[in-house]
Ligand code: HEM
């Protein structure tokens with residue numbers, strides 16, 4: 001037989017021999033990598049999602065994702081329940097994100113990547129390639145290393161307590177007053193209102209005011225104003241979905257040079273950039289003319305734009321600053337409020353408790369006072385309801401990091417968590433995870449909220465009680481968890497800068513609505529067409545619901 005093979009090979013031309021050897025090699029590789037991408041390693045402790053094909057792994061799943069034939073977050077929940085049974089890590093392999101993504105939906109693993117070995121897990125090139133043209137490669141959401149550190153340090157000044165008590169509070173209270181007029185008008189007219197839209201307008205307007213001292217007039221005081229489309233918002237909603245898709249599309253950005261999507265994306269980017277340049281140019285002109293344009297409060301502190309201008313940033317360098325912060329300040333909080341009121345529709349008993357708290361503490365009708373930043377610590381029920389909505393519907397529902405150097409993630413080999421001792425895992429509780437340079441790790445806060453291993457058997461239930469603690473004297477306070485467990489605001493050095501702002505805004509808006517209005521949900525429509533999420537970088541409702549408001553006596 002060997003002789004026959006030898007004779008057949010010796011009779012082959014050079015070309016034929018190359019083809020034969022290549023085929024044999026491919027066959028051998030296909031046998032070795034029979035369920036995953038070429039050269040991707042496998043570990044017995046970290047199972048791989050089944051159904052991977054030889055040499056290309058889960059390419060088909062990736063294509064389904066890019067074509068939106070599957071819903072990413074629900075798929076992740078299902079993989080966790082089946083492949084990562086018992087709350088264990090699992091992996092998936094495809095020709096993107098470094099070939100292999102290990103899903104680490106456990107606080108202990110996340111702590112390793114976001115604190116213990118933070119420099120080894122970066123945003124990396126896929127963020128820059130997917131988001132750079134819109135958000136700028138040095139925008140705080142995209143950047144790593146020094147550019148990120150500089151922006152973070154500078155921006156943290158506007159989130160200081162001193163600043164909250166001065167122009168953050170006054171910007172929010174100004175818009176709460178406008179919102180009161182709007183609610184009054186829509187309730188008198190019986191107008192159906194897209195609640196998510198009102199929240200987007202509120203957060204965009206108040207953040208522009210506090211960060212850039214710019215009144216962009218997107219929150220109307222009357223119902224008729226709601227008919228005017230906010231161009232910035234529409235453009236960003238589109239851009240967000242395209243940026244999200246680029247993480248999964250193999251030739252996405254290349255094809256955008258020629259297709260309709262690319263043309264629309266360039267138009268959306270122009271709208272976003274012109275919007276931000278308008279804000280920047282106004283301030284530059286005011287600086288040249290020596291008029292401060294409200295940038296400095298009586299206490300001498302500065303808004304975000306002034307802080308970055310003082311660093312000597314040019315017009316073009318200011319663009320990503322304005323855009324990244326506008327987006328951070330708008331979407332997340334507004335979406336969280338929209339999900340919260342959906343939970344209120346399903347759990348009216350919690351809405352009533354919040355109403356009572358708002359009335360007891362801030363009053364109602366003409367004598368009600370607007371919530372101040374210092375009131376937050378007393379409004380435990382509303383605070384807890386907001387956080388429980390964010391736990392179940394996290395505004396940044398998933399995240400991914402690139403591995404810089406080979407590493408072994410060892411959940412037990414790091415300090416215990418002072419806030420939550422249940423996080424301290426012992427060797428053997430959870431497997432170590434070996435990751436290679438260039439691969440990715442990912443987590444889903446949406447998925448983690450739905451894991452009994454993290455939030456208990458009632459994890460799927462909207463239960464704000466889990467955020468309420470009773471002090472020894474019987475009074476209530478907010479229950480805090482480790483950042484790595486209640487992880488919706490991220491953790492470690494890249495912890496969300498706006499958590500307190502978002503919480504203040506969320507509770508203040510809740511108080512203004514609930515103290516004076518009944519929210520009339522269309523329960524039949526909600527049953528027929530329950531809100532669901534759109535796969536995006538953040539967590540928008542794909543089919544936002546409408547409500548009417550009824551003034552209370
Ligand atoms: C409910 C509301 C909010 C939630 C759930 C939330 C959540 C998050 C998350 C998960 C991240 C990490 C994102 C990433 O890794 O790419 C983040 C980062 C950030 N958030 Fe928030 N956020 C909220 C509101 C806000 C607000 C109102 C602001 C105000 C500007 C803000 C400013 C930021 C900034 C500047 C970062 C980047 C931090 C860094 O990379 O160092 N966030 N937020």
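The values are calculated or read from the model by the stated rules, or taken from the named source; none is laboratory data. What you see is a predicted model, and the numbers here were worked out from it, not measured in a lab. Using ideal geometry, Cβ is built from the backbone for each residue, glycine included, and neighbour counts are taken over all protein chains shown.
The numbered conditions (1) in contact (Cβ under 8 Å) with a residue 24 or more places away in the chain; (2) part of a helix (DSSP H, G or I); (3) closer than 20 Å to residue 344 by Cα are all true for residue 493 except (3).
Being under 30 Å from residue 127 (Cβ atoms) and out of contact with any strand residue (DSSP E or B) (no Cβ under 9 Å at 6 or more places or on another chain) is the filter here; which residues of the range 442-477 pass it?
Going through the range 442-477, the residues under 30 Å from residue 127 (Cβ atoms) turn out to be 442-451, 453-455, 459.
Passing the criteria: 448, 449, 450, 451, 453, 454, 455, 459.
Take the conditions (1) assigned to a helix (DSSP H, G or I); (2) touching a residue at least 60 places away in the same chain (Cβ under 8 Å); (3) out of contact with any strand residue (DSSP E or B) (no Cβ under 6 Å at 6 or more places or on another chain); residue 281 misses just one of them, which is (2).
Inspect all residues belonging to the range 67-84 and state whether any of them is modelled with pLDDT under 90, closer than 26 Å to residue 451 by Cα and out of contact with any helix residue (DSSP H, G or I) (no Cβ under 6 Å at 6 or more places or on another chain). Checked against the condition, which is being modelled with pLDDT under 90, closer than 26 Å to residue 451 by Cα and out of contact with any helix residue (DSSP H, G or I) (no Cβ under 6 Å at 6 or more places or on another chain), the range 67-84 yields at least one hit. Checked against (1) crowded, with 18+ Cβ neighbours inside 10 Å; (2) without any contact (Cβ under 8 Å) to a residue 40 or more places away in the chain; (3) within 13 Å of the ligand (Cβ to nearest atom), residue 163 passes all but condition (2). Scanning the range 533-553 for residues that are without any contact (Cβ under 8 Å) to a residue 12 or more places away in the chain and under 20 Å from residue 241 (Cβ atoms) yields a single hit, 542. From the list 477, 503, which residue is assigned to a strand (DSSP E or B) and either buried (at least 16 other Cβ atoms within 10 Å of the Cβ) or more than 15 Å from the ligand (Cβ to nearest atom) (or both)? Matching residue, one of 477, 503: 477.
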